Amino acid sequence: QCHLTGWWENELGSRMHVSTVDSQVDFSSKYHTAVSSAQKPIEPSPLVSSQHLDEDRQCTFSFTINWKKFSDSTAVFMSQCFTGAGGEEVLQTTWLLREKVDSLPSDWKATR
């Protein structure tokens, strides 16, 4: 059974804190990224999430981050929470980042 509340950190040192999960099993929080190609200083950024929780409590969820304080981009993460044999909780995550580009011909380089 996964409990999303608490601090989560990835292998690059980025962190998010989930303080509460509402009755609809959604949450909002702040994401503290450790990496950025933006020229401005990194700041914690708001995130909103939607979660799907089955009877086995192995949830899938997504969250969107608006980097509006220091970058012209947004990101979406798609995740699943697993509980390992030793009881540790692990989030397996895939992400997409969309940067603003100046023209339609530049669209090809906007998504990572």
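The values are calculated or read from the model by the stated rules, or taken from the named source; none is laboratory data. Everything numeric in this text was worked out from a predicted model, so none of it was measured. Virtual Cβ from ideal backbone geometry, glycine too; neighbours counted across all protein chains shown. We work out accessible area using only protein heavy atoms, side chains counted, and drop any ligands, DNA or RNA first. Shrake-Rupley method; radii C 1.70, N 1.55, O 1.52, S 1.80 Å.
Across the options SER36, LEU97, PHE82, the greatest Cα extent toward the positive end of the charge dipole of the chain (unit charges at beta carbon of Lys, Arg, Asp, Glu) belongs to SER36.
For the chain, the per residue solvent-accessible surface stands at 65 Å², with DNA, RNA and ligands left out and a 1.4 Å probe. Separation of the range 18-44 from the range 53-112 is 11 Å, based on Cα centroids. The stretch between GLU55 and ASP26 holds 8.8 nm of extra length on full extension. This uses 0.36 nm per residue minus the Cα-Cα distance.
Based on a Kirkwood Rh over C-alpha pairs, give the Stokes-Einstein translational diffusion coefficient of the chain at 10 °C and viscosity 1.306 mPa s in µm²/s. In µm²/s, the coefficient is 105. Note that the range 28-40 has calculated 3J(HN,Hα) couplings of 10, 6, 10, 10, 10, 6, 9, 10, 6, 9, 5, 7, 7 Hz, one per residue in order, obtained from phi through the Karplus relation 6.51 cos²θ - 1.76 cosθ + 1.60 (θ = phi - 60°); glycine and proline are x. The label point for GLU43 and the one for THR64, both projected 7 Å from the Cα toward the Cβ, are 2.1 nm apart. Each Lys and Arg Cβ is given +1 and each Asp and Glu Cβ -1; about its Cα centre, the chain then shows a dipole of about 540 debye.
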